[in-house]
Amino acid sequence: MNIKYISESPYKTIDINDCYWYHYFDFHKKADNVVWEYKLGSMLEKFLLPEDMKGKTFLDIGTANGFFSFEMERRGAEVVSFDLGLDDQPDQIPYPFSPDRVKANREFMLQLHKGYWYAHQYFQSNAKAVYGHIKQLPGGLEKFDVTLIGSILQHTRDPLGAIIEADRHTNHTLIISEAYYPSKEPVMCFHANPKDENPQYWTWWRISPSFLELALETLGYKDIKLCGPFDLINRRHGYKVPTITIKGTK
């Protein structure tokens, strides 16, 4: 598979209000009526990211608007941002009453991508973007010193397969941030609710910290560190998301 790196915005102009803002950036202070979900700047230490990334490479899986990509670039890293492509469908729980969400999913990802490229231009970033699906990262993608899987395992049909894919492209450090599931056992809890009149079509699992720790140990990671649970505040929808970060090194 030929890998396609994108280093410049595919959009000539981007209106800040045409973007879906998953991440908050400081430039939002100058914009009226911009709604965003997560403000992470004051919580960076909870994501266990290396401070000095000079001369190192960083893969940001589930980049969304690129907050971690641009932060790690600021710390000196050469960055590749990875996310779902416009023509790649997310894993959707197959409820029998599920509507055809292809058009809606594509529109959402388009707005999310535009947010990434708006921020990319604002920061004059050199980060490169790659699009696809976590279940099979592009074959030509190199290995990275540090990889982050940012809160997307819950949205995949096969979280363990996604971790294995990320490991395949990681030389040294793998970091996973994920919604917290309060179990001491290494388990995943199926999150489907067919009785819900408005179910979350793309949230499959709640995953325990010990499952993630066991997965990393199985793949040969050592010196495993855990941070959390800590609360992320979703400003758009007004709820808290208990979250953990787990980090392993080879």
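The values are calculated or read from the model by the stated rules, or taken from the named source; none is laboratory data. Here the structure is a predicted model, which is why all the values come from computation and not from measurement. For neighbour counting, all protein chains shown are included, and Cβ atoms are generated from backbone atoms with ideal geometry for every residue, glycine included.
Structural remarks
- Selected residue (criterion: farthest from P242 (Cα to Cα)) from residues of the stretch 163-181 that are outside any strand (DSSP E or B) and in contact (Cβ under 8 Å) with a residue 40 or more places away in the chain: H169
- Single condition K128 does not satisfy, out of (1) at pLDDT below 95; (2) touching a strand residue (DSSP E or B) at 6+ places or on another chain (Cβ under 7 Å); (3) of a type in the set (K, R): (1)
- The set of residues from the stretch 184-199 being out of contact with any Ser or Thr (no Cβ under 7 Å at 6 or more places or on another chain), without any contact (Cβ under 8 Å) to a residue 60 or more places away in the chain and part of a loop (DSSP other than H, G, I, E, B) comprises N193, K195, D196, E197, N198.
- Number of residues in the stretch 152-161 that are in a helix (DSSP H, G or I) and either without any contact (Cβ under 8 Å) to a residue 40 or more places away in the chain or basic (K, R) (or both) equals 1.
- Any chance Y201 is surrounded by 13 or more Cβ atoms within 10 Å (Cβ to Cβ), aromatic (F, W, Y) and out of contact with any Phe, Trp or Tyr (no Cβ under 9 Å at 6 or more places or on another chain): no
- Count - residues of the stretch 12-50 that are among the aliphatic types (A, V, I, L, M), closer than 16 Å to G66 by Cα and in a loop (DSSP other than H, G, I, E, B): 3
- Tally of residues being surrounded by fewer than 18 Cβ atoms within 10 Å (Cβ to Cβ), assigned to a helix (DSSP H, G or I) and polar (S, T, N, Q) across the stretch 101-138: 2
- Candidates L141, L174 - the one that is within 18 Å of S81 (Cβ to Cβ), modelled with pLDDT under 95 and surrounded by 14 or more Cβ atoms within 10 Å (Cβ to Cβ): L141
- The set of residues in the stretch 70-90 being surrounded by 20 or more Cβ atoms within 10 Å (Cβ to Cβ) and part of a loop (DSSP other than H, G, I, E, B) consists of A77 alone.
- Sole exception among (1) within 20 Å of H169 (Cβ to Cβ); (2) of a type outside the set (G, A, S); (3) surrounded by fewer than 17 Cβ atoms within 10 Å (Cβ to Cβ) for P94, by number: (1)
- Odd one out for I244, checked against (1) surrounded by fewer than 18 Cβ atoms within 10 Å (Cβ to Cβ); (2) outside any loop (DSSP other than H, G, I, E, B); (3) under 17 Å from the mean Cα position of the chain (by Cα): (1)
- Residue within the stretch 211-228 that is more than 26 Å from L49 (Cα to Cα), surrounded by 13 or more Cβ atoms within 10 Å (Cβ to Cβ), in contact with a helix residue (DSSP H, G or I) (Cβ under 7 Å, 6 or more places away or on another chain) and touching a residue at least 60 places away in the same chain (Cβ under 8 Å) present: no
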